[in-house]
1. Which pairs do you get when a residue that is part of a strand (DSSP E or B), found in segment 88-99, comes within reach of a residue that is surrounded by 18 or more Cβ atoms within 10 Å (Cβ to Cβ), reach meaning Cβ atoms under 6 angstrom, with the pair 6+ apart or on two chains?
2. Of the residues in segment 24-66, how many are open to solvent by 30 Å² or more (accessible area, probe 1.4 Å) and at pLDDT below 80?
3. Go through (1) more than 23 Å from the chain's Cα centre (by Cα); (2) surrounded by 15 or more Cβ atoms within 10 Å (Cβ to Cβ); (3) not in a helix (DSSP H, G or I) and name the single condition D237 misses.
4. Taking R428 and the conditions (1) within 19 Å of A146 (Cα to Cα); (2) at pLDDT below 85; (3) not polar (S, T, N, Q), which numbered condition does it fall short on, given that it satisfies the others?
5. Looking only at segment 267-278, count how many residues are touching a residue at least 40 places away in the same chain (Cβ under 8 Å) and either part of a loop (DSSP other than H, G, I, E, B) or open to solvent by 20 Å² or more (accessible area, probe 1.4 Å) (or both).
6. List the number of the failed condition for L82; all other conditions in (1) out of contact with any helix residue (DSSP H, G or I) (no Cβ under 7 Å at 6 or more places or on another chain); (2) open to solvent by 50 Å² or more (accessible area, probe 1.4 Å) hold.
7. Suppose we filter L142, L151 for residues that are part of a helix (DSSP H, G or I) and either at pLDDT below 90 or open to solvent by less than 10 Å² (accessible area, probe 1.4 Å) (or both); which single one remains?
Amino acid sequence: MSTTTAPVPTDEPLETVSTLPPRTLLKTPIALGVVSLLVAWLAVFKERPGDTTFRLATAADLFELPEVVVPSGGTVWVVLVLLLAITALSALATARGRRTPLWLVALFGVLGMVGFLAWAAAGGTVPVIGLLAGSIALAVPLVFGALGGVLGERAGVVNIAIDGQLLFGAFAAAMFATMAGSAWGGLVAAMVAGAIVAIILSFFAISYFVDQVIVGVVLNVLVIGVTSFLFGQLMTDNPEGLNSPPHFSRISIPVLGDIPVIGPVLFRQTILVYLMYVAVAVVAWALYRTRWGLRVRAVGEHPKAADTVGIKVNRTRYTTMLIAGLIAGAGGATYTLVSVPQFGQEMTDGAGYIALAAVIFGRWDPIRATLAALLFGFATNLSGVLSVIGSPVPSQFMLMLPYVVTIVAVAGLVGASRAPAATGKPYRKA
């Protein structure tokens, strides 16, 4: 005879009670405490005199917002007190066996960034519009890559080859946009190139059961070699005919683009940014609100059960990986159709791996992964902005900042997160 144990009643809301081990829960308050100590070090030992100006509007906005001027030292001290308070709240939640609320971590990050900017730009001006708008522009390939990674892993395939899809997409966009004289032609070519890499990965991982991580890494290296070879053999000798692509120009949406702060940041962008908005919404809707999305999540969690009810597991994985490759390839087009005037060797600079980190940081959810990619884009753009305003922060630190944020986010702030159960496991039908 079997017995069942009734669940223990609790007064806590169900979503706040955590079953994670205490050691895992401790990661968040420890990470917040480390950041607070760094801010304390700046306040005590590296105090900078002067005021910091935050510029919130431009002359082209619908109405003008006044500049915000704050004392550098005083702002850092106020922020430090607030950060310590949030750290204490996080530690209290951990002591009670609960997760630190995500909104509290987000508030901590915003306050910490305000304090850092007030310190770094003492005596200067922080162009808030340029900082945020540039962050979105730099995050576009990361968002497209992260969406491709989320789809692949939700279907049970580890998409390590995101970087190869971005790089091959950038190469194809430059070459075919130049040949066709159309940026749209380059975008289509980039999507096809990303799909080719995804299909090759799927062929070995799904049909021949090869280790997915190994295949993905090999494909990344292969794409680097192929694009570098073709660049040296073809593009270098004929840059005008093969490596001078037309570019997408910025499009300002009437009225929306004139709203202070929000308008210039969100609605004065290129068509690829607007396509990114659509892609995020469509992927999130399709994954959670359609029969197709239910099947994708089923084959990623329990492929045998999915097969039992008639779902074609491997065909679903192939289809999903094809869509993921198309999306990631579109992200690669950003490099050569928006950011720079031509293709360059290894120009993605490992962005695919940061996109994969965004997938993990976002807990395999398209919306959260997008927010994580935007965070990494902000860290990248911040390094350039601080260099322009003459910040005393060493340039070497600024170059490594996006990767530091990646490590801290994945190892510290996320804690334990569970990937889809069948991710990385080939399905062999009995």
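The values are calculated or read from the model by the stated rules, or taken from the named source; none is laboratory data. This one's a predicted model, so the numbers in the text were calculated from it and none came from an experiment. Every residue, glycine among them, receives a Cβ derived from its backbone with ideal geometry; neighbour counts consider all protein chains shown. To get the accessible areas, we keep the full protein, side chains included, count just its heavy atoms, and leave off ligands, DNA and RNA. Shrake-Rupley method; radii C 1.70, N 1.55, O 1.52, S 1.80 Å.
1. Cβ pairs passing all conditions: R98/S18.
2. So in segment 24-66, the residues open to solvent by 30 Å² or more (accessible area, probe 1.4 Å) come out as 26-27, 30, 34-35, 37-38, 41, 44-51, 55-56, 58-60, 62-66.
In the following step, the residues that additionally are at pLDDT below 80 were identified as 26-27, 56, 58-60, 62-66.
Looking only at that region, the number is 11.
3. Failed condition: (2).
4. R428 satisfies every listed condition except (1).
5. Let us first name the residues in segment 267-278 that are touching a residue at least 40 places away in the same chain (Cβ under 8 Å), namely 268-270, 272-273, 275-276.
Narrowing further to those that are either part of a loop (DSSP other than H, G, I, E, B) or open to solvent by 20 Å² or more (accessible area, probe 1.4 Å) (or both): 268, 270, 275.
Number satisfying all stated conditions: 3.
6. Exception for L82: condition (1).
7. Details: L142 fails: either at pLDDT below 90 or open to solvent by less than 10 Å² (accessible area, probe 1.4 Å) (or both).
Of L142, L151, the one residue that is part of a helix (DSSP H, G or I) and either at pLDDT below 90 or open to solvent by less than 10 Å² (accessible area, probe 1.4 Å) (or both) is L151.
Residue by residue, here is whether (1) open to solvent by 50 Å² or more (accessible area, probe 1.4 Å); (2) over 28 Å from D365 (Cβ atoms); (3) in a helix (DSSP H, G or I); (4) among the hydroxyl-bearing types (S, T, Y) holds:
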| site | (1), (2), (3), (4) |
| --- | --- |
| S202 | no, no, yes, yes |
| V218 | yes, yes, yes, no |
| V221 | yes, yes, yes, no |
| G225 | no, yes, yes, no |
| F229 | yes, yes, yes, no |
| V265 | no, no, yes, no |
| L287 | no, no, yes, no |
| G300 | no, no, yes, no |
